[in-house]
Amino acid sequence: MRIGIFGTGYVGAVTAVCLADLGHSVTAADKDPRVVGKLADGEPTIYEPGLREMLVANLKRRRLRFTTVPDEVMSRSDVVFLCVGTPPRSDGHADLGQVEEVVRTIAPMLDGYKLIVEKSSVPANTATRLRSEINRFADPKSRYDVASNPEFLREGTAIHDFLHPDRIVIGVDSERARSLLLDLYRGSFSCPLYVTDVKTAELIKHAANAFLATKISFMNMVADLCDEIGADVVAVSQALGLDRRIGRHFLDAGLGFGGSCLPKDLKAFVKVAAEVGLDFALLREVERINIGRTERLLRKVDRALDGVEGKTVAILGATFKPNTDDVRDAPSLRVIPKLKEAGAALRVYDPQGLSNLAKMLAPDDQLRHVESAYDAARGAHALVILTDWSEFRELDLQRIRSLMQAPIIVDGRNLFDPVDMRAQGFEYYTLGRGDASLIPGMGTEPQ
Ligand code: UGA
């Protein structure tokens with residue numbers, strides 16, 4: 001099939017490369033000539049495992065091309081995916097400016113039938129807005145449909161998620177759109193293809209992310225309770241997860257959710273509800289709990305060190321999750337400034353995220369980037385883990401201990417077994433494994 005893609009960020013690049021790999025002819029456009037130049041040279045502009053290899057292979061097979069010219073996309077495709085960003089506005093609504101700009105650009109180019117598919121996360125009813133925008137700028141004789149085919153890709157495993165999805169949601173309001181999208185996916189995927197109307201498909205995307213966020217915040221409240229009463233949240237989540245009605249995923253307690261999707265979609269979903277007079281208070285609480293995670297971690301660091309002023313603190317992890325270089329809405333962006341403000345000297349290490357971190361928080365004498373976890377630990381009074389990179393699980397902990405001034409670890413991702421860590425000579429603090437009472441001033445006070 002001839003596919004067009006608008007926007008070659010994380011969703012657009014992965015969609016373009018995977019559809020090409022499945023044998024389709026893909027033309028992808030981006031406004032940024034630098035991004036287009038790099039992709040055309042086989043150089044992804046984001047870090048995503050497996051993307052580079054697949055990009056290079058499909059450029060060679062000539063199934064994939066990149067351009068800055070929208071006309072080229074329109075003349076070379078039958079199905080056009082909208083993959084541009086929908087960042088949050090300051091009032092929490094999704095900013096649809098980029099999506100609307102694309103449809104205004106392509107509307108006058110509609111010639112013959114085209115299927116225009118929303119892939120970016122958009123609030124329910126966006127297709128209605130897009131149709132009126134297109135009708136304003138298109139030739140009245142032009143024929144097109146707007147459909148929704150939301151993505152459920154996770155950064156870090158996006159290629160795998162694209163090629164092995166749990167389900168594919170297809171939102172269509174016409175038979176022609178339905179059969180085109182079914183044709184696109186049916187031959188290549190064995191998962192359920194869930195067909196619904198466009199509004200429902202749009203809503204499914206927001207509901208999925210909001211539900212995942214709810215699971216995480218629920219477990220984080222359970223984690224705080226575990227901390228206070230001396231129970232272990234990891235055991236609780238494993239036991240809960242064995243119940244198939246609950247499911248084992250997204251029950252990892254710790255610093256909570258970040259990234260460019262969950263926090264943004266949660267806010268947007270609350271706004272969509274408010275617009276029709278519904279107070280989605282549950283989700284407002286989910287957000288409040290999530291924001292409180294860094295404060296809880298910082299309190300533990302402060303108490304463990306008896307004040308951070310003048311202390312050296314090693315930070316492991318800048319990205320919002322492992323296997324990505326993305327630091328958007330990452331806990332590091334909240335934790336680092338607070339520790340700096342409190343007078344700590346920081347040494348930060350992340351396997352992929354340091355250059356993006358530097359764009360948000362410039363390194364200086366007080367905030368140094370280092371090249372390994374061991375460099376970060378050297379001379380540190382405490383080591384604070386913010387991201388669950390598997391590299392951190394495999395550290396030589398005795399080496400870390402010998403490099404540190406004091407063997408204190410505050411783990412925001414619950415990577416290690418507390419009993420083992422204490423046996424290895426660490427003061428090991430977690431979020432939810434019953435150690436609040438080990439820190440003076442935290443935990444339930446005796447009556
Ligand atoms: C999320 C969804 O998982 C995807 O299905 C969706 O397509 C994507 O948003 C999107 O809307 O584009 P992503 O943001 O890449 O994907 O990351 P997740 O794997 O969902 O993790 C989000 C955050 O939750 C991370 O900060 C992670 O550390 C945190 N998390 C995840 C937990 O704190 N606990 C868990 O058990 C799982």
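Just one of VAL270, VAL276, VAL286 is surrounded by fewer than 19 Cβ atoms within 10 Å (Cβ to Cβ) and closer than 25 Å to SER90 by Cα; which is it? Walk me through it before giving the result.
Numbers: VAL270 fails: surrounded by fewer than 19 Cβ atoms within 10 Å (Cβ to Cβ); VAL286 fails: surrounded by fewer than 19 Cβ atoms within 10 Å (Cβ to Cβ).
The match here is VAL276.
Which helices (runs of 4 or more DSSP H) does region 29-101 wholly contain that include 1 or more residues that are touching a residue at least 60 places away in the same chain (Cβ under 8 Å)? Show your work before the answer.
Details: elements: 33-40, 51-60, 70-75.
Ranges flagged: 51-60, 70-75.
Which one of these does PHE269 not meet: (1) away from the ligand (no atom under 13 Å from the Cβ); (2) in a helix (DSSP H, G or I)?
(1)
In region 296-327, what residues are within 16 Å of the ligand (Cβ to nearest atom), surrounded by fewer than 24 Cβ atoms within 10 Å (Cβ to Cβ) and not in a loop (DSSP other than H, G, I, E, B)?
The one that is within 16 Å of the ligand (Cβ to nearest atom), surrounded by fewer than 24 Cβ atoms within 10 Å (Cβ to Cβ) and not in a loop (DSSP other than H, G, I, E, B): ARG296.
Yes/no matrix, rows are residues, columns are (1) basic (Lys, Arg); (2) open to solvent by 30 Å² or more (accessible area, probe 1.4 Å); (3) in contact with a strand residue (DSSP E or B) (Cβ under 9 Å, 6 or more places away or on another chain); (4) under 17 Å from ALA177 (Cβ atoms):
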residue	(1), (2), (3), (4)
ALA127	no, no, yes, yes
ASP139	no, yes, no, no
SER142	no, no, yes, yes
ALA147	no, no, yes, yes
LEU153	no, no, no, no
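Filter region 102-120 down to residues that are of a type in the set (A, V, I, L, M, F, W, C) and not in a loop (DSSP other than H, G, I, E, B) and give me whichever is most open to solvent (accessible area, probe 1.4 Å).
MET109
Got a number for residues in region 351-391 being surrounded by fewer than 23 Cβ atoms within 10 Å (Cβ to Cβ) and assigned to a loop (DSSP other than H, G, I, E, B)? Talk me through it step by step, then tell me what you get.
Our first condition is that a residue be surrounded by fewer than 23 Cβ atoms within 10 Å (Cβ to Cβ); within region 351-391, this holds for 351-352, 354-356, 358-372, 374-375, 378-379, 381, 388, 390-391.
Those left that are additionally assigned to a loop (DSSP other than H, G, I, E, B): 351-352, 361-366, 370-372, 378-379, 381, 388.
Of the residues in that region, 15 qualify.
Restricting to region 184-204, name every residue that is assigned to a helix (DSSP H, G or I) and open to solvent by 10 Å² or more (accessible area, probe 1.4 Å).
Step one: filter region 184-204 for residues assigned to a helix (DSSP H, G or I), giving 184-186, 198-204.
Once the filter is applied, which keeps residues that are assigned to a helix (DSSP H, G or I) and open to solvent by 10 Å² or more (accessible area, probe 1.4 Å), region 184-204 yields ARG186, LYS199, THR200, LEU203, ILE204.
Test ASP227 against the stated conditions and say whether it is farther than 26 Å from ASP166 by Cβ and surrounded by fewer than 20 Cβ atoms within 10 Å (Cβ to Cβ). Reasoning before the result, please.
Numbers: farther than 26 Å from ASP166 by Cβ: yes; surrounded by fewer than 20 Cβ atoms within 10 Å (Cβ to Cβ): no.
For ASP227, the condition - farther than 26 Å from ASP166 by Cβ and surrounded by fewer than 20 Cβ atoms within 10 Å (Cβ to Cβ) - is not met.
Quick one: in region 390-403, which of the residues that are over 19 Å from LEU346 (Cα atoms) and in contact (Cβ under 8 Å) with a residue 40 or more places away in the chain is nearest to the ligand (Cβ to nearest atom)?
Narrowing region 390-403 to residues over 19 Å from LEU346 (Cα atoms): 390-391, 393-399.
From the residues that got through so far, the ones that are in contact (Cβ under 8 Å) with a residue 40 or more places away in the chain too are 390-391.
Values: SER390: 13, GLU391: 15 Å.
Checked region 390-403; the qualifying residue nearest to the ligand (Cβ to nearest atom) is SER390.
The values are calculated or read from the model by the stated rules, or taken from the named source; none is laboratory data. Treat the numbers as computed from the prediction; the structure is a model and nothing was measured. Counting neighbours? That spans all protein chains shown, and the Cβs are built from the backbone with ideal geometry, glycine included. To get the accessible areas, we keep the full protein, side chains included, count just its heavy atoms, and leave off ligands, DNA and RNA. Shrake-Rupley method; radii C 1.70, N 1.55, O 1.52, S 1.80 Å.
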